[in-house]
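For reference, the structure is listed below as structure tokens.
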Amino acid sequence: MKKQNPSIPQPPCWADKLLSAVLPYYLFEELQGDMHEQFEIQVEEMGKTKARLLYGWEALKFCRPYFLKRRLSARADDLNNIYSLINPIMLSNYLKIAFRNLMRAKSYMFINISGLAVSLAACTLIILWIQDELQYDRFYSKTDRLYQVYNKDIFSGTPQTWDTTPRPLGPALKQDYAEIEETSRFRSTGLTLNVGDTKMNANGAFVDPSFLNLFDFSLISGNAQSVLAGNNGIVITEALAEKLFGTTLAVGKVVQINNKESFSVTGVLENLPRNSKFNYISYLLPYNYFVNLGWGSDAWESNNDYTYVLLKAHADETAVNQKIKSVTANHLQGIIEDVKNRQIYLHPASKWYLYSKQENGQLVEGRIVTVRLFGLIALFILLIAAVNFINLSTARSEKRAKEVGVRKVAGAQKLSLVLQFIGESVLLTFFAGIVAMLIVLLSLPMFNQLTGKTLSMNFTSLNFWLSALSVLLFTGLLAGAYPAFFLANFQPSKVLKGAVRSQRAAFTPRKILVVVQFTFAIVLIVSTLIISRQIDYAQNRDKGFNQNNLLFTDLPGDLASHFNALHQELMESGAVVSMSKSLGPISNINLRQWGVTWPGSTQSDKDIEFDRFGTDASFLKTTGTTLLAGREIDVRKYPTDSTAVMLNETAVKTMRLKNPVGTTIKFGNAEWHIVGVVKDFIYASPFDRINPALIEGPGGPISLGWISIRLNTTRPMADNLAILERVFTKYNPAYLFEYLFADESYKAKFADEQRTGTLTGLFTGLTIFIACLGLFGLAAYTAQQRTKEIGIRKVLGAPVLSVVQLLTKDFIRLLLIAFIIGAPIGWYIMEQWLQDYNYRIIIGIGIFIITLVSAILIVLISVSFQAIKAALINPVKSLKSE
Amino acid sequence: MGRPYLGEFEELVLLTVAVLEGGAYGVAIASELKKRTDRIISLSGVHIALYRLEEKGFVKSVLGGATNERGGRRKRLFNITALGKRTLDEMRDIRNELWTSIPKLSFS
């Protein structure tokens, strides 16, 4: 810098800096000179201050595209800096060449774009699904402070953990521990709601007033603090309000519950989000009402309610756990025999959905495993499409070799070539991304149906676009990086001479990639087959009862007292073959009993869980179970049968009874005599072992509140149901007749597995499709490469078959390698999956044979088309060219 | 039409270059224009117009020698080319023709 005389006014320094930053270097001197000259004139004309101001203003006006653009391209012309990579002229040239190349090989473009598009679409669907799973029960504003209280204990050496807690626990925790801000008990229920003549059965819950403070579901009307405060207020959801009142403006209106108490609506909730564990609930009632009804008990040993806890901000989970762990044990001292292992602990809301599998009395990773698995599948699918891209690009590299040579001779640097080719692949990925978006839009409704979710693409959110952009960039880089370096490495001297036969070197990585691709496909095929086998296996399991035409209904209101009349009328109507009272549907777990004793039972036998069912008579005929010994309970014939009990096979085995019939057992402070043994029937998961079960007579402390009905198959089902509805309404006008079919509730037990099976099948199909596309392209390329060779072979007398063999042999060999790698991996993963099931298949050799045969078929189909086409070409044509 | 487009401001700048006869550079042109038109003339605008005129071939430029003025920075001197002169002539002819074709009536 020149020395400056301080007495001479100087233009503002920042303005000069600005000028040097925006002006093209070759114009800088003259422009700044002009500026300074003008400044000097202006200082004389209007003084220093104004001149400086005007100078600044003028400098700002130089910041316009005209100069900026020239500055950029001036720097880009200089090859020694980074700007040369984005020289606008070269960019437009790259784009032009990219389009010409794509247009020249349309089938290649089609294979690449469609493969990428399908895989991107599949990925998007999986990502949407994962996102939804990860949001489950984690969107409450206080999620990080919300917990559910769990119990744990050790029963005869087996650790157990469970989520139901004693009723007094919540209030006790809140009162005694400063770290706990709020608690709410929760008891779900199904009640009949009446408004005028409208009747409706709906699921809801009894909760403490603080519930809406813990879980901030938004209220359309009403105040979250006070809606549940009274004893006669009900909070209903929007949807229920619409159904009951035809409007969401329901506050102040009256709902009758079970035709008895009247509740006035104090608040209307927005429909609960589907990804909340409370999504099935449509109303909330004050917990106090439940207490006043006299249902349930205040005893510390009865665990029936859920307890939710809100910790104060900054309270430490582990510290709180340590403090509260023996709360229940202290209260149970003396009530149950052994409390030293009884503990309670907090399970954080963020883990409720994904980390709640019970294993050895601990809550461990559960659903998160599936989420991770699908994340992995998404990555695999993307990888397979990327492999296609890599294979086809390197295979076609010869076509671009001359271009690379010429560019290099003209002074292109390696970096600019690499960027050019990566740019091309990113560009292609973007096209694929647009197609993928369309595919996702079209398939989303179907996918939602399949997964039971309501996923959607949120086009208005910035995050959506950012993540879409990053997925596309990632894919483009994944697919484009290797080919780019491969191409950019060509030696101009060799390439331009025409000696580009670096074939051998290029083929080995390509082979590896094909093997990788097929390994994925084989793992997925094995998984799909095993999952569907396992589902079939469990579906074909002997249920032990007849699920067809069997329905269950509970006996609300006055029905129990009219049972005999109801029974008689239904039997006479001809709609019903047989019916009996029960504790609950025999296709579900209803009640569990501990502490059963029998002659010869030991101390540790008290911890064995028995499932309880009940009947008054005709159990066998109604349910279709089989009697193995003794007789069935029939209180009409034998009045003493009210304290009779039947066992299932497993129970007899567990109790080690030689002659069960006639033995007396004790549970629930009563003595029961065994009259018969029935064959095992499946009431829990069909994938699980069968537990010991008791079927008790009607004399127990818990009344038989359900009936099981076997319908008459000789009459139309609709008629039968109409008669049932008429008779039930006659005896119990206040309630809606609602029922449950045994076969439907049995089918529901498979829902999860079936969903996993369908999804895996779907993604396997996609993987195979994408891999086949790549193979097809590669086969086309190989066939084209060997056109001359094939021509000569044919001239020398090779038959078509041997030519086809020549072209497919290589691919089959690669497939076999992939099978050798993939089959054990698939076996291992599925063995892990099957370990969760007690009733499971043994993975046999058959599955692998099917996998191999179908994989070979798939390869043959996609390769042989090209091979046959090549083999059929007239050698005259293929040899004539050049 | 082979001739590139000439904007109104560009035309003014081109005329000024012709007027200043060899002494035309950014500041001189700007002050000349300020004197003659009553507009606010920005230096950057003048320069862009000059570079565009040069790209179109209406003016040519040379970097003048360094002087003691303006901190020793050189200035770019612009000269009108033959094409520039011809274009100006053409434009004036077209204008004149149009002017004479206006019926007198319209000025009443």
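The values are calculated or read from the model by the stated rules, or taken from the named source; none is laboratory data. Just so we're clear, the structure is a prediction, and the values are computed from it rather than from any experiment. Backbone-built Cβ (ideal geometry, glycine too); neighbour counts: all protein chains shown.
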Could you check the stretch A:96-108 and list, in sequence order, the residues that are within 17 Å of A:I422 (Cβ to Cβ) and touching a helix residue (DSSP H, G or I) at 6+ places or on another chain (Cβ under 8 Å)? A:I97, A:A98, A:N101, A:L102
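Only one of A:L566, A:L570, A:L627 is under 30 Å from A:I723 (Cβ atoms) and modelled with pLDDT of 90 or more; which? I'd like the intermediate steps shown before the answer.
Details: A:L566 fails: modelled with pLDDT of 90 or more; A:L570 fails: modelled with pLDDT of 90 or more.
Answer to the selection: A:L627.
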Of the numbered conditions (1) more than 10 Å from every other protein chain (Cβ to nearest Cβ); (2) buried (at least 18 other Cβ atoms within 10 Å of the Cβ); (3) in a helix (DSSP H, G or I), B:H47 fails exactly one; give the number of that condition. (1)
Determine, yes or no, whether A:G433 is touching a residue at least 40 places away in the same chain (Cβ under 8 Å) and not in a helix (DSSP H, G or I). no
State the number of residues belonging to the stretch A:417-455 that are crowded, with 19+ Cβ neighbours inside 10 Å and at pLDDT below 85. 0
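Looking at A:N669, A:N648, A:N691, A:N659 in this structure, which one is more than 16 Å from A:S580 (Cβ to Cβ) and surrounded by 21 or more Cβ atoms within 10 Å (Cβ to Cβ)?
On the way: A:N669 fails: surrounded by 21 or more Cβ atoms within 10 Å (Cβ to Cβ); A:N691 fails: surrounded by 21 or more Cβ atoms within 10 Å (Cβ to Cβ); A:N659 fails: surrounded by 21 or more Cβ atoms within 10 Å (Cβ to Cβ).
Every option except A:N648 fails the conditions.
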Taking the stretch A:254-296 and keeping only residues that are without any contact (Cβ under 8 Å) to a residue 60 or more places away in the chain, touching a helix residue (DSSP H, G or I) at 6+ places or on another chain (Cβ under 7 Å) and in a loop (DSSP other than H, G, I, E, B), one is left with A:E270, A:N271
Residue among A:D34, A:D16 that is at pLDDT 80 or above, within 14 Å of chain B (Cβ to nearest Cβ) and crowded, with 18+ Cβ neighbours inside 10 Å: A:D34
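Considering every residue within the stretch A:42-52, establish whether at least one is of a type in the set (D, E, K, R) and within 13 Å of chain B (Cβ to nearest Cβ). Spell out the reasoning first.
First, pick out the residues of the stretch A:42-52 that are of a type in the set (D, E, K, R): A:44-45, A:48, A:50, A:52.
With the extra rule that they be within 13 Å of chain B (Cβ to nearest Cβ), the set shrinks to A:44-45.
Checking the stretch A:42-52: at least one residue is of a type in the set (D, E, K, R) and within 13 Å of chain B (Cβ to nearest Cβ).
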Extreme residue, surrounded by the fewest Cβ atoms within 10 Å (Cβ to Cβ), among residues of the stretch A:21-31 that are within 13 Å of another protein chain (Cβ to nearest Cβ) and touching a residue at least 12 places away in the same chain (Cβ under 8 Å): A:Y26
Which members of the stretch A:699-722 meet the condition of being surrounded by fewer than 16 Cβ atoms within 10 Å (Cβ to Cβ) and under 30 Å from A:F667 (Cα atoms)? A:P701, A:I702, A:S703
Looking at the structure I just gave you, is A:Y739 hydroxyl-bearing (S, T, Y) and in contact with a Leu (Cβ under 9 Å, 6 or more places away or on another chain)? yes
Identify, by number, the condition in (1) β-branched (V, I, T); (2) surrounded by 22 or more Cβ atoms within 10 Å (Cβ to Cβ); (3) closer than 30 Å to A:S184 by Cβ that A:V404 doesn't meet. (3)
Residues that are among the aliphatic types (A, V, I, L, M) and either within 11 Å of chain A (Cβ to nearest Cβ) or part of a helix (DSSP H, G or I) (or both), drawn from the stretch B:63-95: B:L63, B:A66, B:L77, B:A82, B:L83, B:L88, B:M91, B:I94
Assess whether B:R52 counts as being closer than 30 Å to A:L53 by Cα, assigned to a helix (DSSP H, G or I) and within 14 Å of chain A (Cβ to nearest Cβ). yes
Taking the criterion of being under 34 Å from the mean Cα position of the chain (by Cα) and more than 28 Å from A:I180 (Cβ to Cβ), would at least one residue in the stretch A:280-293 satisfy it? yes
If we keep just the residues of the stretch A:61-74 that are facing chain B (nearest Cβ under 9 Å) and in a helix (DSSP H, G or I), which is modelled with the lowest pLDDT? A:R70
Determine which member of the set A:A378, A:A329 is assigned to a helix (DSSP H, G or I) and under 32 Å from the mean Cα position of the chain (by Cα). A:A378
Test A:A779 against the stated conditions and say whether it is surrounded by 15 or more Cβ atoms within 10 Å (Cβ to Cβ) and free of Cβ contacts under 8 Å to residues at least 60 places away in the same chain. no
Test of understanding: among A:L249, A:L240, A:L228, which residue is in a helix (DSSP H, G or I) and of a type outside the set (D, E, K, R)? A:L240
Quick one: how many residues across the stretch A:196-225 are of a type in the set (S, T, N, Q), in a strand (DSSP E or B) and crowded, with 16+ Cβ neighbours inside 10 Å? 1
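Would you be able to tell me the number of residues in the stretch B:68-80 that are surrounded by fewer than 18 Cβ atoms within 10 Å (Cβ to Cβ) and more than 25 Å from A:L18 (Cβ to Cβ)? If you could, list the steps in order and put the result at the bottom.
So in the stretch B:68-80, the residues surrounded by fewer than 18 Cβ atoms within 10 Å (Cβ to Cβ) come out as B:68-69, B:71-72, B:74, B:79.
Checking which are more than 25 Å from A:L18 (Cβ to Cβ) leaves us with B:68, B:79.
Qualifying residue count for the region: 2.
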Can you work out which of the residues in the stretch B:4-43 that are loosely packed, with under 13 Cβ neighbours inside 10 Å and outside any helix (DSSP H, G or I) is nearest to the other protein chains (Cβ to nearest Cβ)? B:I40
For the list (1) more than 30 Å from A:N304 (Cβ to Cβ); (2) modelled with pLDDT of 85 or more; (3) among the hydrophobic types (A, V, I, L, M, F, W, C), I need the number of the one condition that A:L169 fails. (1)
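Being part of a helix (DSSP H, G or I) and either farther than 30 Å from A:V118 by Cβ or in contact with a Lys or Arg (Cβ under 6 Å, 6 or more places away or on another chain) (or both) is the filter here; which residues of the stretch A:405-430 pass it? Quick ask: steps written out before the conclusion?
In the first step, residues of the stretch A:405-430 are kept if they are part of a helix (DSSP H, G or I); the result is A:405-409, A:414-430.
Of everything in the stretch A:405-430, those that are part of a helix (DSSP H, G or I) and either farther than 30 Å from A:V118 by Cβ or in contact with a Lys or Arg (Cβ under 6 Å, 6 or more places away or on another chain) (or both) turn out to be A:G405, A:V406, A:R407, A:K408, A:V409, A:K414, A:L415, A:S416.
Looking only at residues in the stretch A:173-189 that are in a strand (DSSP E or B) and not charged (D, E, K, R), which one is nearest to A:K325 (Cα to Cα)? Steps first, answer last, please.
Restricting attention to the stretch A:173-189, the residues satisfying the condition of being in a strand (DSSP E or B) are A:180-189.
Add one more test, that the residue is not charged (D, E, K, R), and what stays is A:180, A:183-184, A:186, A:188-189.
On the way: A:I180: 14, A:T183: 16, A:S184: 18, A:F186: 20, A:S188: 25, A:T189: 29 Å.
Only one residue fits best here, namely A:I180.
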